[in-house]
1. Just the number, please: Stokes-Einstein D of the stretch 189-295 in µm²/s, Kirkwood Rh from C-alpha pairs, 4 °C, 1.567 mPa s.
2. For Cα pairs less than 8 Å apart in space and 6+ apart in sequence, what is the mean separation divided by the residue count of the stretch 189-295, i.e. the relative contact order in percent?
3. So what is the relative contact order for the chain, in percent, with contacts set as C-alpha pairs under 8 Å and at least six apart?
4. Taking the Cα centre of the chain as the origin and placing charges on Cβ (Lys, Arg +1; Asp, Glu -1), which of His309, Ala27, Thr248 is farthest toward the positive end of the dipole?
5. Give me the distance in nm between label points sitting 7 Å out from Cα along the Cα-to-Cβ direction at Gln49 and Lys188, one decimal.
6. Once the convex hull of the C-alpha atoms of the chain is built, how many Å³ does it hold per residue, rounded to a whole number?
7. Full extension from Glu217 to Leu403: what is 0.36 nm times the residue separation minus their Cα-Cα distance, to one decimal in nm?
8. Can you list the DSSP H helices in the chain whose Cα atoms extend at least 15 Å along the helix axis and whose mean Kyte-Doolittle hydropathy is 0.5 or higher?
Amino acid sequence: MATPIAPYPPTGIHVVIVGAGFGGLAASIEARLKGHTVSVLERSPRWEQHGDIISISQNAGRVLSRWDPAWIGDKLRKICMNHKSFMIHTHKGEFIFEQPVVAPDPERPTYNGHRADIHRVFFDYAEHLGVRFHMGRRVTAYKEDPKLGKAWVECADGETFIGDVVIGADGVRSRARRLALGLDDRVKPTGYSVYRAWFNAEEHGILDDPLTREFAERGDTHTGWLGPDVHLLVATCKGGRELSWVCTHKDDEDIDESWSYPGRVEDVLKLLEDWDPRCRAIVAKTPSLVDWKLVHRAPLPTWITPGGHICLIGDAAHPFLPTSIQGCSQAIEDGVALATLLSLTHTDKQVPDAQKIPSALKMYERLRYDRVKSAQKKGEEVRDMWHKANWTEVRSNPGSIKLPREDWLLKHDCERFMRNMYRRALAELGGGDKIPITSLAASRESDEFLVEMPPTPVATPKREVEDPMNGHR
Ligand SMILES: Cc1cc2nc3c(=O)[nH]c(=O)nc-3n(C[C@H](O)[C@H](O)[C@H](O)COP(=O)(O)OP(=O)(O)OC[C@H]3O[C@@H](n4cnc5c(N)ncnc54)[C@H](O)[C@@H]3O)c2cc1C
């Protein structure tokens, strides 16, 4: 088990975060652990049970392994999948390859489970650390004044929240893109959509049917069927008691503001007409499902405002396809990167006070941008590899169809990387040598290798007693 981060002494930096998804929550937790004061504004009036399966890969699991295990690791292990391998088939049901899961590593755990279950664990930990949540606040305007060194947001109800830095973590249909950065915020269809479901396997007859029993009777399983332009993934969780499936397929319908629409079992059964009968048997037992239109946005030219006090993170900055299995993990990395860089500039006497926040934000973008772009590409590559598989070739090399697990992506230690690159990034900002792309994107150089993490300051855990909004609202 990694040593949990000791809370840092208070920095006096007030971070206002818009959106309590995984990006916003991870940023809030990391910012609190590093001594910043944090307010999170979330448009939902209360915490709600939403979504279905989501994955936290090793690179983000490493971040979580430094958080208090009693609040995070111990709880997540109880509610997340515990399967041995990923079984890959053709859509007709021919078994092709068994990909074992990565050997468990306490320093870099992986968590796959229900989005709402995992989200609740993050939410509770953030509250425990003293993050102030303001629910039911829909942000409608972002402003900054570099001379004052402040940024603020306005909410639909007329309230204003001011901080030293504002983080827009408002998801794939981000308004912050337009409101803060003035960028065209229209989402574009990807041409694909995902039917998704999560339900109780026992209650819905999975164990009673000889065609479906195998997926739940001996604990958790993960199985994929790959067909032309369609793939179906089935996962069981909590000892096989709960079952989730996602079916990605072509869809050119227009999209609007909802992240999901109700879907119809009969539409999925039609799509899977000549598929392995096991797939159809699972889908036929599904009580309800959603149709999640996959949206895309052109890469943003920047994630930060000209004044350097507002930035975007997570899906707001860079949406991911589900086949990348990185959307949530990269959002978590963003939060760690920002909180770390804010601490580093804060204590760096070489950085003038007025430049501390803008420099941290510029370095955040510089050190994250190329890595995120490389990770995004992986999602398209996997989808195309699966949907356009040449099965004759795959049969002669079955391992070629497995999910890629590359070191540059999964072994990355985001916090360590920020600390390691800090001096070079600061020098570049001041007109010094340009950091080569190999140090920033998909290469071994961008990895954790051989860089020692400085010890975290030892401080008595401290919850703020004063109202952090005092004088800031
Ligand atoms: C309801 C919901 C269900 C999801 N279910 C799944 C799932 O089952 N599987 C999966 O892989 N991914 C799911 N996702 C997407 C996934 O959570 C993200 O792709 C990923 O975790 C990156 O997180 P994020 O924090 O950047 O964005 P998100 O998780 O989308 O979080 C954005 C947050 O910002 C809030 N917000 C938006 N606009 C405003 C505003 N103007 N003012 C204040 N708050 C605002 C939203 O309510 C939301 O809580 C879901 C997202 C949402 C919002």
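Rule-based calculations on the coordinates, nothing more; no lab input. In this text the structure is predicted, and so the values were computed from the model without any measurement. Every residue, glycine among them, receives a Cβ derived from its backbone with ideal geometry; neighbour counts consider all protein chains shown.
1. Translational D for this selection: 92 µm²/s.
2. Numbers: 211 pairs, mean separation 40.7, N = 107.
RCO, the stretch 189-295: 38 percent.
3. Numbers: 990 pairs, mean separation 94.3, N = 473.
Here the relative contact order equals 20 percent.
4. His309
5. Placing both labels 7 Å along Cα→Cβ, they lie 3.9 nm apart.
6. It comes to 144 Å³ per residue, whole-number rounded.
7. Details: separation 186, 0.36 × 186 = 66.96 nm, distance 2.52 nm.
This chain segment gains 64.4 nm when fully extended.
8. Values: long enough: 22-33 (16 Å, 0.89); 115-128 (20 Å, -0.66); 327-347 (31 Å, 0.65); 356-387 (47 Å, -1.28); 414-429 (20 Å, -0.59).
Membrane-span-like by this criterion, though nothing is claimed about a membrane: 22-33, 327-347.
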